[in-house]
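The next block holds one structure in the form of structure tokens; read it before the comments.
Throughout, read-outs are computed from the coordinates displayed, never taken from laboratory work. Please read all numbers here as calculations on a predicted model, not as lab measurements. Methodologically, a virtual Cβ is constructed for each residue, glycine included, from the backbone with ideal geometry; neighbour enumeration extends over all protein chains shown.
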Amino acid sequence: MSEDKALLGIGSRVKHPAFEYGVVIRLTPVAYEICFMTHGIKIVGKEYDKLEVIEVIEAEEPVTFSAAEKSLIKILRTYSDFNEKVDLGDKWKGGTLELKSADPAYKSKEMPIDTFFHKIVMVRDRLRVMEQRINSSGLTDEEKVGLQQYITRIYGSLTSFNALFKHKEDHFVGEKSK
């Protein structure tokens with residue numbers, strides 16, 4: 001293969017002078033793993049110029065570890081019932097929340113912000129489970145969309161609490177303005 005040819009992607013069909021016909025099954029930084037019909041899997045360097053390309057499937061952009069990690073986290077959030085660790089913003093740690101009535105006859109109520117924050121995170125986790133169950137239910141698509149719209153509005157109502165989160169990716173997101 002000459003340098004002006006595109007990088008072969010998985011599924012590209014090739015012909016090798018000694019191993020005959022094969023298909024690219026894996027890419028490494030310097031070589032292709034090719035499954036040849038009569039010789040099995042062989043590693044052929046990307047610089048090897050005697051490889052005849054029968055059909056090119058363009059190589060996709062390599063996936064970085066962080067992109068793969070984000071995708072995995074999204075999948076786990078969508079399809080599992082686990083509670084992830086969500087961090088409270090540093091400025092709130094050790095703080096208290098005070099609920100004070102306008103009527104001085106009523107005593108104010110205090111609670112640690114950590115406790116309040118934990119309850120908000122639990123609401124979010126339960127909404128995610130509800131979304132998952134709606135999506136996998138036997139409801140019609142129209143019914144699913146209607147319920148999803150309610151959940152999106154709930155998330156929108158909870159955006160006021162985003163100030164408590166340490167990381168922006170943990171924030172509630174409601175409807176996007178059009």
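Exactly one residue among 140, 159, 115 is over 21 Å from the mean Cα position of the chain (by Cα), surrounded by fewer than 14 Cβ atoms within 10 Å (Cβ to Cβ), free of Cβ contacts under 8 Å to residues at least 40 places away in the same chain and within 26 Å of residue 98 (Cβ to Cβ), and that residue is 115.
If you filter region 104-151 down to residues that are of a type in the set (Lys, Arg) and in a helix (DSSP H, G or I), you find that the one that is farthest from residue 94 (Cα to Cα) is 144.
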